[in-house]
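Take a look at the structure set out below.
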Amino acid sequence: MQHKMVAPMAGKVIQININVGDSVEEDDEGLVIEAMKMETPIFVPCNGVVGQIKVKAGDNVEEDDVLAVIETE
Amino acid sequence: MIEKLSTLIFTTGFVYLTPGMVFMWLIGLTLIFLAVAKGYEPLLLLPIGFGIVLANLPLAGLMEPETGLLWKFYEYGIHWEIIPPLIFLGLGALTDFGPMLARPSLIFLGAGAQGGVYIAFFAAHLLLGFSLQEAATIGIIGGADGPTTIFLASKLAPHMLGTCAVAAYSYMALVPIIMPPIIKLLTTATERKIVMPKARKVGRLEKIVFPLVGVLVMILLVPASAPLMSMFMVGNLFRECKVVERLNLAAQNELLNIVTIFLGLPVGATMNAQNFLRKDVIFIFILGLFAFIASTATGILVAKGMNLLSKTKINPLLGAAGVSAVPMAARVVHKMGQQADKKNYLLMYAMGPNVAGVIGTVTAAGIFLTLLK
């Protein structure tokens, strides 16, 4: 199963805390988006392994853009 | 010779200093300190603090009617109603009404969070004996909108302008400290966890039509709000029409920055020792804080009321975002939402009531002006 981690709001990716292949748990801090001059941590939606990361630090993202894909068993 | 020397001494300001003036310097320096060291609304509190020091220098005559430099800034900038509307032009260009248009029902929250304005108005007049005009100026502090406070004060109670402006900007800087306890008191953890349904996308046409329709409806409804409302909406039209990008950027950057300089200094300069060192001042600060707290509370209560009537539940935190300190109130709401549930991202939903709150405060000011001028 693949779970997409999507941007809850438009903004700029300023920090990525996960790497492809990492095993992650629900509510880990995956990355940080800056919007309205505020840093908002985006949390991992489920337990699993990071399959893909679709953005890099400095990217501007729109709402609902896929940030990363988490693979679960 | 000695006589000449002594005359020279009497041309300096030192001999005319009063303890009140020195006390006002301390207040000015405190604001500068808070701006520099703590980052409290530095864009305004820094020039206001400096203006306070300047206004309390004997013989300098900077606030002397007709001739003083800061008096001219005040007279032609604020008294002539030029600077606060120009600030609103810039704010209009900075404001995205998208989140509000996505869920128009959130406008009620922006209106609900003006409750503190009226509660503080009645409290100031009935309980503490302020005149109606003074009470309105104090109440509007609860709208958490600096330029509107200055605009209304210049019309209704110019002697309180500096104090009310400083109160409004200080409490705005303190939103992250003032609001959370009130919010916690009035909402349950379950309510704070409510996840908002996905907002619909707002198209370009809607965003262009909004300032046009908005300006007609709001000014027809409350004509006295016209100076602020008209500039706010034309600034927003610059932003959304996408064909006058130069005007849009000038309004939200250069022009806004320039008028901010000319706003802060004379606002500070209205605070001379005579005007400020009165026992009223302490009441103004207390009532201003009370207005802020009451606005937060009424916003939340309106949200809870809407939940009783409607099937789709809204997160009552959004009610607190109706306090129009943009975007601080929305940020506080967002943070508290994430504290309750890490995956609850309220920021964009909170911006809806937040910008609606600005319109609500301008409307409240217009109503006061109509009734009390």
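The values are calculated or read from the model by the stated rules, or taken from the named source; none is laboratory data. Everything quoted here is computed from the prediction, not taken from an experiment. Backbone-built Cβ (ideal geometry, glycine too); neighbour counts: all protein chains shown. Protein only, heavy atoms only, side chains kept; ligands, DNA and RNA dropped before computing areas. Shrake-Rupley method; radii C 1.70, N 1.55, O 1.52, S 1.80 Å.
Here are a few things to note about the model shown:
- Alpha-carbon centroids, region B:228-307 and region B:26-101: separation in whole Å: 11 Å
- Of the Cα atoms belonging to chain B, the radius of gyration and Dmax stand at 21.8, 90 Å.
- Estimated distance in nm for a label pair at B:A60 and B:T312, the labels positioned 7 Å out from Cα along Cα-to-Cβ: 5.6 nm
- The protein assembly as shown - convex hull of alpha carbons, volume per residue in Å³: 172 Å³
- Placing a pseudo-label 7 Å from each Cα along the Cα-to-Cβ vector at B:T190 and B:L43 gives an inter-label distance of 4.2 nm.
- By the rule of a C-alpha distance below 17 Å, with chain neighbours fewer than 8 residues away ignored, the lysines paired with B:K207 are B:K242.
- Theoretical ellipticity at 222 nm over chain B - DSSP helices of four or more residues, -39500 (n - 2.57) apiece, nearest 500: -21000 deg cm²/dmol
- Probe 1.4 Å, protein heavy atoms only - accessible area per residue of region B:76-372 in square angstrom: 38 Å²
- For chain B, the relative contact order is 30 percent, taking Cα pairs closer than 8 Å that sit 6 or more residues apart in sequence and dividing their mean separation by the residue count.
- Of the complete DSSP H runs in chain B, those spanning 24 angstrom or more by Cα along the long axis with a mean Kyte-Doolittle score not below -1.0 are B:204-221, B:279-309, B:347-372.
- Shielded by partner chains, region A:1-47 residues - at least 30 Å² of accessible area, 1.4 Å probe, vs chain alone: A:P8, A:M9, A:D27, A:M36, A:M38, A:F43
- Projected label distance in nm at B:L128 and A:N47, using a 7 Å step from Cα toward the beta-carbon: 5.7 nm
- Subtracting the Cα-Cα distance of B:T18 and B:E206 from their residue separation scaled by 0.36 nm leaves 61.8 nm.
- 16 Å cut-off, amide nitrogen to a point 7 angstrom out along B:I177 Cα→Cβ, residues in region B:275-306: B:285-286, B:288-290, B:292-293
- Candidate lysines - alpha carbon under 27 Å from B:K373, same-chain residues fewer than 8 apart omitted: B:K72, B:K155, B:K279
- Carbon/sulfur fraction of accessible area - chain B, other protein chains in place, 1.4 Å, %: 73 percent
- Lysines whose Cα lies under 27 Å from that of B:K342, excluding same-chain neighbours fewer than 8 positions away: A:K4, A:K12, A:K37, A:K54, A:K56, B:K184, B:K193, B:K198, B:K201, B:K304, B:K311, B:K313
- C-alpha center-to-center spacing [region A:1-69, region B:334-368] in angstrom: 25 Å
- Measuring how big region B:83-196 is from its alpha-carbon positions, Rg and Dmax come out at 16.3, 47 Å.
- A versus B: buried accessible surface, summed, Å² (probe 1.4 Å, to nearest 100): 1400 Å²
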